[in-house]
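The values are calculated or read from the model by the stated rules, or taken from the named source; none is laboratory data. The model shown is predicted, which means the values in this text are computed figures rather than measured ones. Methodologically, a virtual Cβ is constructed for each residue, glycine included, from the backbone with ideal geometry; neighbour enumeration extends over all protein chains shown.
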Amino acid sequence: MPSRLTRRQFLAVPAALGATALLPGGLVTALAQETPPLPDLSDWSRVRAQFSLDPAWMHFASFFIASHPAPVREAIEAWRRAMDRDPFRVIEHGMFEDDAHNIPLQVRTTIARYLGGQAEEVALTRSTTESLALVYHGLPLKDGDEVLATTHDHYSHHESIRLATRRAGASMRRIPLFEDAAGATVDALTGRLLQALRPETRVVGLTWVHSSTGIRLPIREMARALKERRPDVLLVVDGVHGIGAADETIATMGADYFCAGCHKWMFAPRGTGLIWANAENWARLTPVVPNFSDIESYNAWAEGREPASPTNAARMMPGGFHAFEHQWAMGAAFAMHEKMGRARVAARIRVLNDQLKAGLAGNRKVRIHTPVSGDLSAGLVAFEVDGMKPDAVVARLLEQRIIASTSPYAVSYARLAPSLVNTPEEVERAARAVNAIAT
Ligand SMILES: Cc1ncc(COP(=O)(O)O)c(C=O)c1O
């Protein structure tokens with residue numbers, strides 16, 4: 001066994017014939033030849049045309065799980081065809097070839113461009129849930145440490161903290177950041193967070209855009225205040241409903257660990273997600289799942305020693321073979337968002353959500369829980385109709401062929417989520433339908 005293994009020798013995969021024999025010019029060139037260039041996305045009807053959503057329905061719950069737009073479907077299909085033709089050589093080449101040909105690294109590079117960070121700072125995962133679990137279980141928590149979360153976070157976030165703190169002998173505390181999301185202010189949100197810190201607090205967990213009320217936390221301001229007060233406390237952000245919906249440079253937002261699924265607002269393949277962190281914060285973590293991406297892990301295993309270098313993003317990426325046609329097609333979604341423009345996407349989502357809120361605002365039987373301001377909200381409008389259970393509201397909307405959803409929290413609301421797949425006309429019809437129910 002050589003002391004320094006190449007990527008190709010990683011996992012004792014024998015040298016393949018070389019991908020050039022299979023796919024002249026390499027896998028990426030071959031993929032490019034098999035997939036059409038990104039379409040014209042200069043107006044919203046063209047964007048909407050990329051989705052094969054059933055036109056008989058109005059889709060206001062797209063944030064739940066994405067419908068793959070055409071560029072993503074085509075990328076998945078191209079990879080699938082290549083893998084079905086020759087799974088060994090395509091996957092072996094894509095995974096274990098040198099960095100210039102490594103497909104996950106190319107995907108991470110495309111994602112990093114969107115986040116405003118570096119490829120080496122991005123770990124690929126399968127969901128928000130997996131990202132959060134990897135981070136919290138990787139943190140060096142010990143007996144007596146506290147993780148501070150909020151009462152508003154998702155099940156996946158709370159459970160990741162509960163399971164990780166339980167193993168470490170640490171504790172978890174949840175605080176409300178507001179009583180009424182619609183009335184929240186930046187100062188009040190920040191003040192509540194700072195007030196709640198205790199000497200034993202080691203980590204704070206926040207959710208960027210809440211799927212319970214639709215509030216968008218001012219993470220940048222809250223992170224700045226947190227670090228000023230307690231530079232030793234790490235900030236973990238569940239960002240799944242912000243990425244692809246808000247105009248932010250995520251890598252500079254102030255999160256130490258940014259966790260998100262990419263299969264909601266980003267429209268990446270179902271079963272894809274990410275973690276972003278800088279090198280210093282990756283180095284704090286202990287991996288939970290063996291990886292197939294970091295050669296030092298394999299060298300150390302082969303030589304019967306611990307990895308010599310600090311933990312990095314590649315070492316935290318869950319190994320084992322995955323649905324690679326999905327993971328490797330993530331880049332198509334990020335490229336599509338890049339072409340649409342982050343600011344333009346966020347502005348469109350804001351206009352549609354403003355329209356819906358305005359359409360419901362005059363109805364005294366409708367209580368909107370999402371802040372009116374687009375500065376404290378994104379793509380979700382959570383509301384209640386006087387005297388009706390949220391499920392009943394959703395059922396009534398469904399009768400009108402409007403797909404809404406209820407929030408899966410202890411206190412549940414009805415939600416409509418105007419997104420890039422909707423038109424102002426659809427938003428108008430949804431508002432009218434809610435107002436007709438709430439009479
Ligand atoms: C705020 C929030 N976090 C996490 C999740 C779980 O996402 P995933 O399916 O990517 O694990 C959801 C699901 O909708 C969510 O709303």
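Restricting attention to the range 214-261, the residues that are in contact (Cβ under 8 Å) with a residue 60 or more places away in the chain, farther than 16 Å from A277 by Cα and out of contact with any Leu (no Cβ under 7 Å at 6 or more places or on another chain) add up to 5. Every listed requirement among (1) among the aromatic types (F, W, Y); (2) surrounded by fewer than 21 Cβ atoms within 10 Å (Cβ to Cβ); (3) not in a loop (DSSP other than H, G, I, E, B) is met by F383 save one, (2). Before we move on, is L352 closer than 18 Å to M266 by Cα and not charged (D, E, K, R)? Judged against the criteria, L352 is a match.
The set of residues from the range 31-56 being under 23 Å from E425 (Cβ atoms) and either assigned to a helix (DSSP H, G or I) or charged (D, E, K, R) (or both) comprises D40, D43, W44, S45, R46, V47, R48, D54.
Residue check: M330 meets all listed conditions (1) surrounded by 24 or more Cβ atoms within 10 Å (Cβ to Cβ); (2) not assigned by TED's automatic domain parsing to the domain that holds Y298 but one, namely (2). Select from the range 176-216 the residues that are aliphatic (A, V, I, L, M) and outside any helix (DSSP H, G or I) and write down the one among them that is nearest to the ligand (Cβ to nearest atom). Applying the filter and picking the extreme gives V209. Residues in the range 118-129 that are out of contact with any Pro (no Cβ under 7 Å at 6 or more places or on another chain) and within 14 Å of the ligand (Cβ to nearest atom): R126, S127, T128, T129.
Contact annotation: residue pairs with Cβ atoms under 8 Å, 6 or more positions apart or on different chains, pairing a residue in the range 398-417 that is over 16 Å from V385 (Cα atoms) and in a strand (DSSP E or B) with a partner that is within 13 Å of the ligand (Cβ to nearest atom) and among the hydrophobic types (A, V, I, L, M, F, W, C), are I403/A61.
Scanning the range 256-279 for residues that are of a type in the set (A, V, I, L, M), away from the ligand (no atom under 11 Å from the Cβ) and buried (at least 24 other Cβ atoms within 10 Å of the Cβ) gives I275, A277. If you go through the range 89-124 and keep only what is among the aromatic types (F, W, Y) and within 16 Å of H337 (Cα to Cα), you end up with just Y114. Remark: H137 falls outside the filter, which requires a residue to be closer than 20 Å to H322 by Cβ, in a loop (DSSP other than H, G, I, E, B), within 16 Å of the ligand (Cβ to nearest atom) and not aromatic (F, W, Y).
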